[in-house]
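*Asks:* The following block contains the structure, expressed as C-alpha cells.
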Amino acid sequence: MLLAALLLPLTVLSGGSGSPASAAPSQARLEDQLEQLNRQADQLVEEYLQSKLALARVRKVRDQMRAQASGAEQNLKVLQSALGARAAAAYVQGAGNTLAAVLNSEDPASAIDRVQVLELLASHDGDLLDRLALAGKAYDARKRDLAAAEHEAAAEVARLDARKAEVERAAARTRALLRQMKGRSAASQPSSPSPQPSPPPASGGGSGAGAAAVRYAMAQVGKPYCYGGAGLSCYDCSGLTMQAWAQAGVSLPHSSSAQYGVGRHISASELQPGDLVFYYSPISHVSIYIGNGQRVSATHTGDYVKVQSLGSSIVGFTRPNG
C-alpha cells in the first residue's frame with residue numbers, strides 16, 4: 001500500500017498533454033506532492049533502519065550460537081577421545097584378564113580389592129558413556145540452533161535489501177520532482193535551499209550533555225541529507241541525533257523510533273537544548289531542540305541539515321541522558 005501511495009504523486013511527471021486535466025500542475029501543487037513524498041520516504045527510511053537494527057541483533061545471536069556449537073563440539077571430542085583411550089586400554093589388557101586375576105587370587109582380601117576396582121571401572125565407563133550421550137545431544141541441539149539463526153540472518157538480509165531498494169526508488173522520485181520544480185521556478189526552491197548561514201545561538205538552561213549535543217548538531221548545519229547517513233559528510237535525521245549525543249557520551253540507536261525508547265520522556269514545557277523531538281505516527285523523524293522554539297534537523301532527499309521551528313505533527317519529546 002505504501003509503495004502504491006508513493007506512485008500517486010508522480011503521475012504528473014509522466015502525464016500527457018492536450019486536455020485541461022493533463023495541464024502542468026501549479027508550483028503549490030508540486031510543493032504539496034513533494035511534502036507527501038518526503039513524509040512517505042521518511043517512513044521507508046525508518047523501516048530500512050529498523051531492518052538494519054534487526055539484522056545486527058540476529059547476527060549477534062548467530063555468533064553466540066556459533067560459539068556454543070563450537071564449545072559443544074569440543075566437549076564431544078574430548079569425551080570421545082577419553083572413551084577411545086579407555087577402549088584401547090581394555091583391548092590391550094584383554095577382556096578376561098582382570099576377571100581371571102580375581103578368580104585365581106589365593107588371597108581373599110586381594111580378591112575383594114580387585115572386585116572393587118572392577119566395579120569402579122565399570123561405573124566410570126558407564127558415567128563416561130552417559131556424558132558422551134549427553135554431549136552428543138547438546139551438540140546436535142546447538143547445530144540446529146545455529147542453522148536456525150543463520151537462516152534468520154539470511155532472511156533479514158533479504159528484507160534489508162528489499163527495503164533499501166524501496167528507499168532508493170523513493171529517493172529517485174523525490175529527485176525527479178525536485179528537478180521539475182527547479183525547472184519551473186529557479187527563484188522559488190523551498191525544498192533545495194543553499195546551505196544556511198550560521199543559525200541563531202541556542203538558549204541557555206541545558207545540561208552539559210545537552211549543550212555538547214547541540215554544539216555538534218549546529219556545526220553540521222548546511223551538510224546534505226542522505227538516508228542511512230551518520231556523518232561526517234551527510235546525515236539522515238536519526239544519524240544526526242545519534243552522533244550529536246555521542247559527543248556527550250550517550251549511545252543512541254540509528255533509528256528515530258528506537259531513539260524514542262531511550263532516556264526519559266518529557267513534556268513540551270520541560271524542553272531544554274539537546275532534547276529530542278519526534279514526529280509523525282508511526283514515528284519516522286527526529287530533530288534536536290536548540291532552544292527558542294527551534295530545532296536542528298536533517299530533513300529529506302535534496303535538502304540539508306538546517307534550523308527550523310518546532311512545527312507540527314510532534315508526537316513526543318525525550319531527554320536521552322535522563
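No lab work stands behind these numbers, since they all come straight from the coordinates. As the structure is a prediction and not an experimental result, all values here were calculated from the model. All Cβ positions, even for glycine, are placed from backbone atoms using ideal geometry, and neighbour counts span all protein chains on display.
*Asks:* For 283, 288, 314, what's the fewest-to-most ordering of other Cβ within 10 Å of each Cβ?
*Replies:* Least to most surrounded, the residues fall as 314, 283, 288.
*Asks:* In which sequence would 78, 262 go, from the one with the fewest C-beta neighbours within 10 Å to the one with the most?
*Replies:* If I rank by nearby Cβ atoms, fewest first, I get 78, 262.
*Asks:* Using a 7 Å offset from the Cα along the Cα-to-Cβ direction at both residue 268 and residue 143, what is the distance between the two label points in nm, to one decimal?
*Replies:* Placing both labels 7 Å along Cα→Cβ, they lie 6.2 nm apart.
*Asks:* Across the range 130-142, in residue order, what do the Karplus-derived ³J(HN,Hα) couplings come to in whole Hz, using 6.51 cos²θ - 1.76 cosθ + 1.60 with θ = phi - 60° and x for Gly and Pro?
*Replies:* 4, 5, 5, 5, 5, 5, x, 5, 4, 5, 4, 5, 5
*Asks:* Kindly write out, for the range 149-157 in residue order, the coupling ³J(HN,Hα) from the Karplus curve 6.51 cos²θ - 1.76 cosθ + 1.60 (θ = phi - 60°), rounded to whole Hz, with x marking Gly and Pro.
*Replies:* 5, 5, 5, 5, 4, 5, 5, 5, 4
*Asks:* When 252, 129, 232 are ordered from fewest to most other Cβ atoms inside 10 Å of their Cβ, what list results?
*Replies:* 232, 129, 252
*Asks:* Then there is this: Spelling out what I want: for every residue of the range 40-56, take phi, set θ = phi - 60°, compute 6.51 cos²θ - 1.76 cosθ + 1.60 (Karplus), and round to whole Hz; glycine and proline get x.
*Replies:* Each residue's phi maps through the Karplus curve to give 5, 5, 4, 5, 5, 4, 4, 5, 5, 5, 4, 5, 5, 5, 4, 5, 4 Hz.
*Asks:* Give me the one-decimal nm value for the distance between modelled label points at residue 39 and residue 310, 7 Å along each residue's Cα-to-Cβ direction.
*Replies:* Placing both labels 7 Å along Cα→Cβ, they lie 2.1 nm apart.
*Asks:* Can you work out the FRET efficiency for the pair residue 63 and residue 179, with r the C-beta to C-beta distance and R0 = 56 Å, to the nearest 0.05?
*Replies:* Computed FRET efficiency for residue 63 and residue 179 comes out at 0.80.
*Asks:* Can you give me the long-range amide H partners of residue 266? Hydrogens built in the peptide plane at 1.01 Å from N, cutoff under 5 Å, separation of 5 or more residues or another chain.
*Replies:* Counting only residues 5 or more places away or on other chains, the set is 317, 318, 319.
*Asks:* Is the shape of the range 208-319 rounded, prolate or oblate, going by the alpha carbon gyration tensor and its root eigenvalues a ≥ b ≥ c, with a/c under 1.5 for rounded and a/b larger than b/c for prolate?
*Replies:* Verdict is rounded for the range 208-319.
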